[in-house]
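Report on one structure; see the data block that follows.
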Amino acid sequence: MNGTLIRLTARQLLGQKRTVLLLLFGLVPVLIAVLYRVAGNDEPQRWAASALNARLIIGTFLPLAALVFGTAALGSEFEDGTAVYILSKPIPRRVIVLSKLLVSWLATAGVVLAATVVATIIALWGEPRDGILVGFALAVVAGALVYCALFMWLSVLTSRALIVGLLYVFIWEGVITRLFAGVRFFSVRQYTLGIADTVVDVPARVFNPRLGEMEAVALATITTALTVYLAVRRLRRWEIGEAS
Amino acid sequence: MPPADQRTGSIYDLGYRRYDGLRLGRQHAVLSLYVYTLRGAFGIGRRASSKIIPIIITVIAFLPALIQLGVAAIVSDEVDIIRPENYFGFVQVPVALFCAAIAPEITGRDMRQRTLSLYFSRALERRDYALAKLAAFATALMVLTLAPQALLLVGNGLASKDLADYVGDNWKDMPRTIISGVGIAAAMGAVALAIAAQTSRRAYATIAVVAWFLVTWPISGILVAEVGGAGRAAALLSPFDFVYGATLWVFDVEPDQDSVQDLAEIPLWGYGAAVAAYAAAGTALVIRRFGRIAA
Amino acid sequence: MSAPAPPIAVINVSRWYGNIVAVNDISFALGPGITGLLGPNGAGKSTMLHMLSGFLQPSAGELRVFGESAWENPGMYRRIGLVPEREAVYPFLTGYEFVLLAAQLQRLPNPEEAARQAIAMVELEDAAGRATGGYSKGMKQRVKIAAALVHDPEILLLDEPFNGADPRQRLQMMAMLREMAARGRTILFSSHILEEVERLAEEVLVIVAGRLAASGDFREIRKLMTDRPHTFNVRSSDNRALAAALVADPSVYGVELQDGLLQVRTGEFAAFTLAIPGVARQAGVSIYELRPTDESLESVFSYLVKR
Amino acid sequence: MALIETQQLTKRYGETVLALNGLDLVVEPGITGLVGANGAGKSTLIKILLGLLEPTSGEATVLGYEIAREGPVLRQYVGYMPEHDCLPGDVSATEFVAHMAQINGLPRAAARERTAETLRHVGLFEERYREMRGYSTGMKQRVKLAQALVHDPRVLFLDEPTNGLDPAGRDEMLDLVRRTGKEFGISIIMASHLLGEIERVCEYLVVIDGGQLLQQGPLGDFTAAMGVLAVEVEGEAAVLAGNLRERGLRVEVEGRMVLVALEGDERAFDLIRDSCADLGFGLVRLERRRQNLEDLFRPTEKGTAHAAS
């Protein structure tokens, strides 16, 4: 890790305007939770776990935030032509990737975790939490890391990382995983939900992920390590564009 | 050709020549920009890498039609035929992808590369530019919404035992299909372009368009199904939901049990009105944006 | 220990992109001093500099910086400073922060002091507190140089460093580079403008169409370049009379009269320039303008290569 | 009919910046140089005449068309080459220029023919089928000129057309502009802050400063017997300089060049010639130096040169 790179990346990712937009974005699940409480429906546990957290936050907000930060942290350096300045320094490529990853992870996890915690507390106000709050908080933080690592690798692989990432999240994870059960082993969303299940203690009717707890933790770890390794390897052999 | 024995020769001046032919004016300019943009949306006339993504998305839009026709050709024609309104339910997804990937290119390219000043200094008004771009993008989306349906209609007709019978049975769906296809393209295209035109950075434009589709979708689902009450109006928030509601209205079909449209209890014509309102608002925003932008 | 490796050694290096050969079997070695890498646009200068700076892998041949391979070797950046051609900077950083960033990434013991010194070297103190996003092209160029110099590298590679600089800034940058060269630094800069290279470089490498067309002492090469068939454009008080007088001179191949302009073709550059003042005086003609044409690098080089 | 006429043309940006300040101007057809320092209002004027910007107040006509009411009609007959980059990188020059021709109302077939012809005219050959992203600055400038010319405009607005070009490219571009104006009778308005460029191309000069007309007139009025001669010799520059000083000229040495002040003295040409002949130096180059506008309007010992005329 390199403090200078971390500070630089933080300034790149968290411009004034973007931070405001992001906070508004994080506010949406909270508002929905408030509306839910006002309407006062039954089965708040099932709603908080399966609808709010699994579907809305982990299904949509987490990958979107990770997509923005994960691809921008390193990808914007290539797009803007500033990558030369950090690559022409005596810093191991591993340190560059890890520093950039750290910042994008913290930014993603920060926004989404805040939304998860506040929205879940509101949704389960006065109800037993049964590990839902802690479980999903943990899952969001872990899932943010896996997604960011994956998208960072994509961003050193292709200049259209954002589109590829979108296709992955919303076609592969969103549609294909639902149709073909075997694909669940290759879905970060399923890892994230599986990790939540290590803590969440509710009946399957309330929340039932498709991957076992241990499978999910192992696959998430492998995916992170592998994508970080691939990103570092790719960066080592990065060639400046011919035209640029 | 002059006869070979004719002994006269001429040397032609190949220098710059004046042009005194036709000048077709504004309409022609708008039409040219429309065609150029439409070609650009599918990467025609551009490098191979600009074609990949629009082609993949277009292929996705055609997949169900191709599968259905394949099955009909190989197995039998007794398989269930995909209803047009169901096809629209599916095709919304590639349309949304196309919006996310291509809308930022439609005007963003001109903004990034500062080509706008060349357009606005020509026989073209700013409003013309906005409308030509919008029309081209909506047309590109119609390729996705309508062409697979046309293929399906023709293919099924040819595969059926009696073509005349088939056409007769399905005739009344034609205008409905066209109205739905145009409505989806207009509403989604106008709003997506209005969002994308706010920034010249491709990445942010893409994310903003995606956020419109994907953040409103679960919100609508959750507010309508799980929260209820006033939250049911959220069905008009998500493009997937209001567009599908409008399709149901056009085809005069009842929503499925427990679907968003069923639970929201909004009269189906309300979705039709929403489609019109979104299309109008998006168009107005695009015109406004290019009326003010510095060139 | 054996003799120290030269700062830069390039041995039979080629680089191709698919079927396009950008650099074709080039060899040279560089030591301390200023070397100009000269060539028309698209000749392969940038490709060569990118390979030297470790951002492109040679397709064939060997490329050594202080005896080590430049490829996949970030450690060497401790001893190399790099000024890329692209204008891009981090727009949200001030000039000082940008240079400080480079100093910190180089892990200098006192980065603040080093950054201040580098900024002083390029005379950017006044603008150092402003965001680089608002800089002019010339200012961006200088702040990039400051960032490349901040760790006092032994080798400095500059890609078209004088683009966008006005004449005064150009002089100032040249003086700075000369001063670095005097301290034993190895400086390689690329340019497609002959005059720039002429004023700064003692040694020159000429790349044309991916090949090394000439190398060595600049004055000698300059002589080779000028000693070739030439065309001069002349305007005078009486073009017709001057033309008649010049045709008699053995150095002149031919003359051509156009409206208000006299074109003279000569086979011997030196002999012609020596003859024309006397010939004109004898004919009683005033010379208002005399310009050698096709001085563009492309034409000079294409002549060099064809020989 | 005047080519351009403006009345009290004013453009304000926000509260503080006054880019044009009640500009009254009449420009006749021909090749006209529009000079002024950066920020004098050159680009603003061009953009207003093209309809890219709305004036805060005042009126203008181009080719007899009122810009406020008849903009779209007028712009059929206008070509514009902006100062900044404006070319998409992912299409070929042919495709782009043909598109721009069509936007200007040319039917498709005519657009194609004119594109081929115009690109040839500006000197773009095999490259024209390639994507423009790989073009050099010189090639890009040529395409920018081609798109402004392709529809055969009656008036051409060029904003700093030599920006970013190397000396050879500069010469070629200026030559192209001159020929376009002289041989094809297209009126040209060329903005530049380098007087030397204007001098080589234009017949008339319009000088604006602080958003107002400073002066205008035929170019000869401005540059006759003014400026600096640059002399390059085969031999020691310092020796030549000393010799010329003895002959009574004001001389400076800059690198390999000897700079001679003209100061209205026609004899300088002959003195240089004779000096070279006497010293046995080869004369390699003798030309007027490109001059900054500031030099022209800087007061000299003889009083204000032209600024008060």
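The values are calculated or read from the model by the stated rules, or taken from the named source; none is laboratory data. All of these numbers come straight from a predicted model, not from anything done at the bench. Backbone-built Cβ (ideal geometry, glycine too); neighbour counts: all protein chains shown. Note: accessible area is taken over every heavy atom of the protein model, side chains too, but ligands, DNA and RNA are not part of it. Shrake-Rupley method; radii C 1.70, N 1.55, O 1.52, S 1.80 Å.
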Testing the spin-label approximation: label points 7 Å from Cα along Cα→Cβ at B:ASP258 and A:TYR229. State their distance in nm.
4.4
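Which FRET efficiency, nearest 0.05, do D:GLU183 and C:ALA209 yield, Cβ-Cβ r, R0 30 Å?
Numbers: r = 34 Å, r/R0 = 1.13.
Working from the Cβ atoms, E equals 0.30.
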Once both axes come from the Cα atoms, what is the angle between helix A:93-123 and the longest principal axis of chain A, in degrees from 0 to 90, rounded to 10?
20
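Could you work out the local net charge near C:ASP152, counting Lys and Arg as +1, Asp and Glu as -1, over the other residues with Cβ closer than 11 Å to its Cβ?
Local charge sum for C:ASP152: +3.
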Computed from every Cα-Cα pair in chain B, P(r) in 10 Å bins starting at 0 and rounded to whole percents is 6, 24, 28, 21, 11, 5, 3, 1, 1, 0
What whole-number distance in Å separates the alpha-carbon centres of segment B:245-295 and segment A:147-161?
35
Could you give the size of the charge dipole of segment D:26-111 about its Cα centre, using +1 on the Cβ of each K and R and -1 on the Cβ of each D and E, expressed in debye and rounded to the nearest 20?
100
Using only Cα atoms and rounding to the nearest 10 degrees, what angle (0 to 90) does helix C:111-121 make with the longest principal axis of chain C?
10
Bin width 20 Å, alpha-carbon pairs only: give the P(r) of the protein assembly as shown as whole percents, running from 0 to the bin holding the largest distance.
10, 33, 35, 17, 5, 0
Can you give the angle from 0 to 90° between the axis of helix C:137-149 and the longest principal axis of chain C, with both taken from C-alpha atoms, to the nearest 10?
50
Given the candidates C:ILE26, C:LEU38, C:ALA148, the one whose Cα lies deepest towards the positive end of the charge dipole of segment C:8-220, counting +1 at each Lys or Arg C-beta and -1 at each Asp or Glu C-beta, is C:ALA148
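So what's the net charge close to B:GLY25: Lys and Arg +1, Asp and Glu -1, counting the other residues with Cβ under 14 Å from its Cβ? Could the numbers behind the result be given before it?
Details: positive: B:ARG23, B:ARG26, B:ARG122, D:ARG75; negative: B:GLU125, B:ASP128, D:GLU70.
With Lys, Arg at +1 and Asp, Glu at -1, the neighbours total +1.
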Roughly how many whole Å is it from the C-alpha centroid of segment D:72-145 to that of segment A:62-139?
45
Between segment C:69-141 and segment A:199-244, how far is it from one alpha carbon centroid to the other, in angstrom?
36
With a Förster radius of 60 Å, plug the Cβ-Cβ distance of B:LEU22 and A:ARG236 into 1/(1 + (r/R0)^6) and report the FRET value to the nearest 0.05.
0.50
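State, to one decimal in nm², a quarter of the convex hull surface area for the C-alpha atoms of segment A:3-236, i.e. the direction-averaged projected area. Please list the in-between numbers first.
Values: hull surface 51.2 nm².
Mean orientational projected area (segment A:3-236, Cα hull): 12.8 nm².
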Hey, got the average number of other protein chain Cβ atoms within 10 angstrom for residues in B:42-49?
3
Excluding residues fewer than 8 positions from D:LYS11 in its own chain, the aspartates and glutamates with Cα under 19 Å of it are D:ASP24, D:GLU54, D:GLU59, D:GLU66, D:ASP159, D:ASP209
I'd like the antiparallel share, as a percent to the nearest 5, of DSSP beta bridges with both residues in the protein assembly as shown.
70
Charges on Cβ only, +1 for Lys and Arg, -1 for Asp and Glu, centred on the Cα centroid of the protein assembly as shown; of B:TYR87, D:ILE67, C:ALA88, which one is farthest towards the dipole's positive end?
B:TYR87
Hey, can you grab everything whose amide H is under 5 Å from the amide H of D:ILE188? Only 5+ residues off in sequence or another chain; H modelled, so Pro and N-termini drop out.
D:GLY30, D:ILE31, D:THR32, D:LEU156
Probe radius 1.4 Å, ligands and nucleic acids ignored: give me the carbon and sulfur share of the accessible area of chain D as a rounded percent.
47
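With charges only on Cβ, +1 for K and R and -1 for D and E, what is the dipole size of chain C about its Cα centre, in debye, rounded to 20?
Details: 31 positive and 35 negative charges, 22 e Å.
The dipole magnitude comes to about 100 debye.
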Quick P(r) readout (segment D:4-218; Cα-Cα; 10 Å bins; whole %) gives 9, 34, 36, 18, 3, 0
Under the 7 Å Cα-to-Cβ spin-label approximation, B:VAL75 and B:ALA294 lie apart by a distance in nanometres of 6.2
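Past the 32 Å Cα-Cα mark, which pairs from B:LYS51/D:LYS144; B:LYS51/C:LYS140; A:LYS100/D:LYS140; B:LYS51/D:LYS47?
Numbers: B:LYS51/D:LYS144 26 Å; B:LYS51/C:LYS140 36 Å; A:LYS100/D:LYS140 37 Å; B:LYS51/D:LYS47 36 Å.
Beyond 32 Å between Cα atoms: B:LYS51/C:LYS140; A:LYS100/D:LYS140; B:LYS51/D:LYS47.
Please report, to one decimal in angstroms, the Kirkwood hydrodynamic radius of segment C:58-148 built from all distinct Cα-Cα pairs. Don't jump to the answer; show the numbers that get you there.
On the way: mean 1/r = 0.0706 Å⁻¹.
Result for segment C:58-148, one decimal place: 14.2 Å.
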What dipole magnitude, in Debye to the nearest 20, does chain A give about its Cα centre under +1 on Lys/Arg Cβ and -1 on Asp/Glu Cβ?
600
Residue farthest toward the positive end of the dipole of chain D, with Cβ of Lys/Arg at +1 and Asp/Glu at -1: which of D:GLN215, D:PHE281, D:MET139?
D:MET139
How long are the semi-axes of the equivalent ellipsoid of segment A:1-106, defined as square roots of 5 times the Cα gyration tensor eigenvalues? Whole Å, largest first.
37, 14, 10
Residues of type aspartates and glutamates that B:LYS161 reaches as a straight line, Cα spacing below 17 Å, ignoring anything fewer than 8 places off in the same chain
B:ASP77, B:GLU78, B:ASP80, B:ASP169
Gain on full stretching of the segment that runs from D:ARG133 to D:ASP85 - 0.36 nm per residue minus C-alpha separation:
16.1 nm
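Using DSSP, restrict attention to beta bridges with both residues in chain C and report what percent are antiparallel, rounded to the nearest 5. Show your work: numbers first, answer last.
On the way: 37 of 55 bridges.
Counting only bridges with both partners in chain C, antiparallel ones make up about 65 percent.
Within 13 Å, Cβ to Cβ, of C:ARG178, how many net charges do the neighbouring residues add up to if Lys/Arg are +1 and Asp/Glu are -1?
Details: positive: C:ARG170, C:ARG183, C:ARG185, C:ARG199; negative: C:GLU179, C:GLU202.
Its environment carries a net charge of +2.
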With a 1.4 Å probe and ligands and nucleic acids left out, the total accessible area lost when B pairs with D, in Å² to the nearest 100, equals 3800
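To the nearest 500 deg cm²/dmol, what mean residue ellipticity at 222 nm is calculated for chain C from DSSP H runs of n ≥ 4 alone, each contributing -39,500 (n - 2.57), summed and divided by the residues?
Working: 10 runs with 109 residues, N = 307.
Per the formula, -10500 deg cm²/dmol.
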